[in-house]
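*Asks:* Attaching a single structure in structure tokens format; questions to follow.
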Amino acid sequence: MKLNRNHHKNNQTIAFPWSIWSSIFLNKRIWIYRLRSFLAVFSAFFLTSIPLCYGSDKHPETLKQLIEMYDPTGCRECHEDIYDQWQNSHHARSITGIFMERYLKKGHLSVKDPRNATKKNFPCFKCHLPQLEKATDAVAAEIAEVILNNDKATMKKLNISCMVCHQDKAVVHGFPESNVMYGPKAEKEYPEKEHMRVKKSPFMTQAAMCGQCHGLGPIFEFEYPIQCATLYGSYLHAYIPSGGTQTCQECHMKKADHTCPPNFNDRKDVSERLRQALPLEVDTLSYRFQPFEKIFVSTIVVKTKITSKAGHRIPDG
Ligand code: HEC
Ligand code: HEC
Ligand code: HEC
Ligand code: HEC
Ligand code: HEC
């Protein structure tokens, strides 16, 4: 501190000698050179940054901007398998099956004119489309219009995309850095120009990561409290206290499978999973019961025991 103060008092030492300035100003060559290198750096920055700009601190003002900011289609080029798995998952269709149009037509979340809708009309999107939080109310009004017009093509583009999990929901303390994808390992080095930066986030492999949306119970932060998913509550209060050790990812994302089964549209796979998860033991005993002389009643005792191997109540929501 002392040094600094002295520095301020002594103006002469920080003033640039005029001769240096004049030589810079007068020397055209230096200027042309500077302009050229500035343009080169500027255009290089723009060319590389536009397609890689996955900002987590931007505030979209139109629905188009919101969709573009979270558009995962570019990820498919290099992460094809994961992209295709994700596209078959419930996360990729997180608002199409939740009856939002009914809520917008009737009850306390309804609006007379979709243009009057604000983010407050969409408490459900806290988990079904969390990126809306960053957008303006004008975007919420556009979404209300999309839903009430039953514009399915646009609704499908509004989902829990890669960036929701790998940026917004990937860090617990502080805020995610923009242009950084957070991964479970992020161990390979690769040139930055091929990809936005990648960082390791230990949170990605913890149950609480999923718990952010998979619910503890009622949510009181809204004017009208709501409740949807409660499964994470069951995981914390029943599975863990009774000695459970696995995470959601270990049971639902084996080998980073982004389909996140169960997928109730795949009935065969669901039955197989349930058969393994809920083993049924059956013990039977049959005998003839003779209450009176010459009267025989055939009797059978069936003892069944279903053991749940799941990490929570099932079914749960
Ligand atoms: C619901 C949240 C969620 C969504 C959506 C999601 N991921 Fe992931 N992703 C995870 C989690 C959690 C892991 C870590 C799984 C583990 O290692 O246990 C992961 C792992 C990965 C990995 C590392 C794979 C490996 O082999 O370890 C890549 C790459 C990845 N995701 C890319 C994507 C891409 C691309 C998308 C979009 C198409 C996407 N993710 C969508 C949660 C998500
Ligand atoms: C040009 C190719 C390319 C594109 C496009 C691309 N990635 Fe990657 N990504 C890579 C490479 C290479 C790695 C590092 C090697 C690895 O982990 O497999 C990587 C690693 C990752 C990781 C870290 C995985 C870990 O091990 O922790 C995540 C998460 C990820 N990418 C997500 C995405 C998402 C989301 C998108 C779309 C927004 C995307 N990537 C687009 C090439 C790409
Ligand atoms: C951003 C919020 C969010 C995060 C984070 C999230 N999920 Fe989900 N998940 C949802 C929503 C919303 C649905 C229901 C989508 C629908 O069908 O409308 C869902 C659906 C699912 C389903 C399918 C449920 C069914 O009924 O078939 C599974 C399984 C699942 N998630 C597992 C996970 C796991 C494991 C993680 C952590 C790696 C995770 N989710 C992280 C919001 C989230
Ligand atoms: C020990 C393994 C295990 C753990 C840990 C686990 N699950 Fe499950 N989960 C299952 C099984 C088994 C089912 C039954 C359905 C199936 O797999 O087909 C299931 C079903 C589900 C469903 C479908 C909805 C329902 O009510 O049946 C969701 C969503 C889900 N789990 C999410 C999670 C989340 C989020 C976590 C972490 C908080 C988690 N699970 C932890 C094994 C597990
Ligand atoms: C705390 C986060 C959260 C909030 C808030 C929330 N949901 Fe959900 N919702 C989920 C998750 C996670 C799932 C998937 C859970 C499962 O299957 O176990 C889900 C599943 C659903 C499903 C079943 C979807 C399907 O495809 O099977 C419907 C319908 C639904 N939610 C409607 C709503 C409505 C309507 C609201 C607002 C009134 C709402 N949710 C608020 C997290 C939430």
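No value in this document is a laboratory result; all are computed from the given coordinates. On a predicted model such as this, the values are computed, not experimentally measured, just so you know. Heads up, the Cβs are rebuilt from the backbone with ideal geometry, glycines too, and the neighbour counts pull from every protein chain shown.
*Asks:* Quick one, what does Rg over Rh come out to for the stretch 107-219 if you take C-alpha atoms and the Kirkwood Rh?
*Replies:* 1.05
*Asks:* Amide H neighbours of ILE226 under 5 Å, counting only residues 5+ apart in sequence or on other chains, H built in-plane at 1.01 Å?
*Replies:* When sequence neighbours closer than 5 places are left aside, the close amide H contacts are ILE219.
*Asks:* Any idea which of ALA141, GLN87, GLN65 is furthest toward the positive side of the dipole for the stretch 63-205, if Lys and Arg beta-carbons carry +1 and Asp and Glu beta-carbons -1?
*Replies:* Checked the options; the winner is ALA141.
*Asks:* Between LEU236 and ILE295, what length in nm is gained on full extension when 0.36 nm per residue of separation is reduced by their alpha carbon distance?
*Replies:* 15.7 nm
*Asks:* For a label point 7 angstrom out from the Cα of HIS173 toward its Cβ, which stretches of the stretch 199-229 have the backbone nitrogen within less than 15 Å?
*Replies:* 201-203
*Asks:* Check which residues have an amide H placed less than 5 Å from LYS199's amide H, if you skip close sequence neighbours.
*Replies:* Under 5 Å from the amide H of LYS199 lie the amide H atoms of MET181, TYR182, GLY183, each far enough along the sequence or on another chain.
*Asks:* By a straight-distance test (C-alpha under 21 Å), which lysines pair with LYS268 as possible cross-link partners, with residues fewer than eight away in the same chain excluded?
*Replies:* Filter leaves LYS254, LYS255, LYS309.
*Asks:* Continuing with the same structure: Short version: ³J(HN,Hα) in whole Hz for each residue of the stretch 288-296, in order, from phi by Karplus 6.51 cos²θ - 1.76 cosθ + 1.60 (θ = phi - 60°), x for Gly and Pro, what are they?
*Replies:* Result, ordered by residue: 10, 9, 10, x, 10, 4, 6, 10, 10 Hz.
*Asks:* Still on this model: What do you get for trypsin sites (Lys or Arg not before Pro) in the stretch 57-143 restricted to DSSP loop and a cutoff of at most 10 other Cβ within 10 Å of the site's Cβ?
*Replies:* Answer in residue order: LYS106, LYS112.
*Asks:* Report the calculated FRET efficiency for GLN65 and ARG313 (r = Cβ-Cβ distance, R0 = 41 Å), to the nearest 0.05.
*Replies:* For R0 = 41 Å, the calculated efficiency reads 0.55.
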